[in-house]
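The values are calculated or read from the model by the stated rules, or taken from the named source; none is laboratory data. Note that the structure is predicted; figures quoted are calculated from it, not measured. Every residue, glycine as well, gets a Cβ built from its backbone with ideal geometry; the counts of neighbours run over all protein chains shown. Please note that ligands, DNA and RNA were not included when accessible areas were found on the heavy atoms of the full protein model with its side chains. Shrake-Rupley method; radii C 1.70, N 1.55, O 1.52, S 1.80 Å.
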Amino acid sequence: MRGPHTLQCEVCGGPTQFRAPRCGYCHAPLTWGATVEIVPGDEIARADMARDTLPGWSPEATAAARRGDACAVEFKHAMVKLGTFATPACDACISVSGVCLDDQGNLGALARYVREGAAQSYYGAWIHPGRRRFTLERVLGTPQSAEIEVLTEWEVSGHVAPVGALNRVELRCADSVLDLLVNGERVATVVDARFGFGHFGWRASSVTPPSTLLVHSVELRHIR
Amino acid sequence: MNEMNCPACSASLTTGSASCRFCRVAVRWDASGPTIVHPELRAGVAICSIDLRREAFPGEQERVTLETFTAERTPHGAKVWLSADRARTFPVWGVRMRDQSVRTRWTAHDPGVYGGVVARREPIGKAYTTYAFQVRPEDRVFRLVRTRGGSVVECTAIVDWTPSSAVAPTGHPNELVLAARGGSLQGWVNGVGVTAIHDHSFGIGAPGLIFETSRLPATGGSGTFEGIEVCMVDQ
């Protein structure tokens, strides 16, 4: 098995920060490009809705919502539903595959999700097939308010498949570099060091309920 | 392939690996298994130094008088008073950085008050994320916490109140340094390294000061900060 190399000192193997001039452990000089290429590596966890439980849901709830090889997420009220894998990490790739059955649904991936007491924070990506657009944001929320800062404004992209077609939204995180890919194409790269560690998972919402989405799979991988 | 658990996040760790693939902590292997290796953090180039005996804190007036908070500049520094069960942070907003060393020297005048330095304080809308390294001189204890939130703040102890003889009692000055580099957070009290911990929750933000009151009668409590010095962490 190969260790992570995207943000690893080539001399001592210690973890490095993006754009750090030297390794913090062996002081070897480091050189960086404009960004780092984040390549998915070994699988950490995978939820295939044909057989597995949707992360964050109980087996019973998943079974009740199962439709063939997908899990239906239905909205009768305006809200965000989300779920994460149990294993937290700094650097990982999360990909969510699903279908929005109407033009009101948003499907997304979230990264570095932490809930402490009533507060929660995470990076989140949305795709909105109804308008074939995507966005990337960071969220710090409490029951009283959800503070959202947009990292990439809503932007229309032909890579977002339309309503009724399968979409795969993928968020790759390595140190402060975040890559958003839609159906395998990189649509946004952001450097943001705010949140460094947490859980990875899926999320869904509806612009105007009622709305239904089908989640087919959620996959979490290391970076190489 | 042998696997053990990461001493920081408890995820499985492949024997001989230089770092955890989940929390990115650097590890060293010996007969007993993996142990965390912290980088040596030294204060480097000074970014800002504010002598509160001679100047007001950035963004604050020389004298503030409110019902729950007062502050005034004295020959000994900025004297702060808070009513009971309050907290006030004084971030240096112009200095936003990832790796930072924050140093202050302050004196508690009343039992029950605690204070120190903050690092990586970053706003999101009306909410904030913060690391805070504090001492409570009355009990001669220190702690390192991270907080999230706005109108409601969730405080999580990374290192809960820990007794240390390095902490000077009420009425005597305490010099605190919090240095952060990547996920490594290291704290010194009066020149003694008291904590080194790995926490990757927050990666960037402003340094500053923090003063809190608890377990106090309605009269509140006060302390005097002599200054704040922010440095880059030496590479």
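Brief remarks follow.
- Peptide A:188-195 is shielded by partner chain Cβ atoms: per residue, an average of 4 of them sit within 10 Å of its Cβ.
- Interface burial in the range B:17-31, defined as at least 50 Å² less accessible area with all protein chains than with the chain alone at a 1.4 Å probe, covers B:ARG21, B:PHE22, B:ARG24.
- For A:SER157, the amide hydrogen comes within under 5 Å of the amide hydrogens of A:ARG133, A:PHE134, counting only partners 5 or more places away or on other chains and with H modelled in the peptide plane.
- Calculated from backbone phi, Karplus (6.51, -1.76, 1.60) coupling profile of the range B:115-132 in Hz, x at Gly/Pro: x, x, 10, 10, 9, 6, 7, 9, x, 10, x, 9, 10, 9, 10, 8, 9, 9
- Straight-line cross-link partners of B:LYS126 among the lysines, defined as a Cα under 24 Å from its Cα and at least 8 positions apart when in the same chain: A:LYS81.
- Normalised alpha carbon radius of gyration of the range A:38-223 [divisor 2.2 N^0.38 Å]: 0.93
- Scalar couplings 3J(HN,Hα) for the range A:158-166, obtained by applying the Karplus form with A = 6.51, B = -1.76, C = 1.60 to θ = phi - 60°, are x, 6, 7, 6, x, 4, x, 9, 6 Hz; x denotes Gly and Pro.
- Distance (nanometres) between label positions extended 7 Å along Cα→Cβ at A:SER58 and A:TRP32: 4.6 nm
- For the protein assembly as shown, the dipole from Cβ point charges (+1 on Lys and Arg, -1 on Asp and Glu) about the Cα centre works out to 100 debye, to the nearest 20.
- Highest mean packing comes first when the peptides B:160-169, B:203-212 are listed by Cβ atoms within 10 Å, giving B:203-212, B:160-169.
- Peptide A:164-177 shows a mean partner chain C-beta count of 1 within 10 Å per residue C-beta.
- Cysteines in chain B lacking any other cysteine Cβ under 4.7 Å from their own Cβ: B:CYS48, B:CYS155, B:CYS231.
- The residues neighbouring B:ARG143, those whose beta-carbon lies less than 10 Å from its own, together hold a net charge of 0 under the Lys/Arg +1, Asp/Glu -1 convention.
- Part-to-part distance (alpha-carbon centres) for the range A:113-139 and the range B:77-151, which is given in Å: 29 Å
- Within the range A:114-161, the residues that become at least 50 Å² less accessible when every protein chain is included than when their own chain is isolated (1.4 Å probe; DNA, RNA and ligands ignored) are A:GLU116, A:LEU140, A:GLU147.
- Modelled label reach - A:ALA78, point 7 Å along Cα→Cβ, the range A:84-111 residues with backbone N closer than 17 Å: A:103-107
- Buried area at the B-A interface (accessible, heavy atoms, 1.4 Å probe, summed, Å²): 3600 Å²
- All-pairs Cα distance distribution in the range B:13-125, expressed in whole percent, bin size 5 Å: 2, 8, 14, 16, 15, 11, 9, 7, 7, 5, 3, 1
- 3J(HN,Hα) from dihedral phi, the range B:152-163, Karplus parametrisation 6.51/-1.76/1.60, rounded to Hz, x for glycine, proline: 10, 10, 9, 10, 10, 7, 7, 10, 6, 3, 10, x
- Here the peptides B:173-179, A:188-194 are ranked by packing, the mean other Cβ count within 10 Å, and the order with the highest first is B:173-179, A:188-194.
- Value of relative contact order over chain B, rounded to a whole percent, pairs C-alpha under 8 Å and six or more apart: 28 percent
- Exposure of B:ARG105 as accessible area (Å², to 10), given a probe of 1.4 Å and all protein chains: 90 Å²
- Remark on chain A: A:CYS71, A:CYS90, A:CYS93, A:CYS100, A:CYS173 stand apart, with no other cysteine beta carbon under 4.7 Å.
- Local electrostatic count at A:ARG22 - Lys and Arg +1, Asp and Glu -1, tallied over other residues with Cβ under 13 Å: -1
- Mean separation of Cα contacts under 8 Å (6+ apart) over length of chain A, as relative contact order %: 31 percent
- If you take all other residues with their beta carbon under 11 Å from the beta carbon of B:PRO34, and give Lys and Arg +1 and Asp and Glu -1, the sum is -1.
- Computed about the Cα centre, the dipole magnitude for chain B is approximately 320 debye when only Lys and Arg (+1) and Asp and Glu (-1) carry charge, each at its Cβ.
- Just checking the listed ones, B:PRO75, B:PRO39, B:PRO111: in the Gaussian network model of chain B with Cα springs under 10 Å, the one fluctuating most is B:PRO75.
- Given charges at beta-carbon only (K, R positive; D, E negative), |dipole| of the range A:38-223 in Debye: 300 debye
- For the pair B:SER49 and B:ILE197, the difference between a 0.36 nm per residue extended length and the Cα-Cα distance amounts to 50.7 nm.
- Average beta-carbon neighbours from other chains, 10 Å sphere, peptide A:80-88: 1
- Selection from B:SER10, B:VAL145, B:PRO169 lying farthest towards where the dipole of chain B points positive, charges on Cβ: B:SER10
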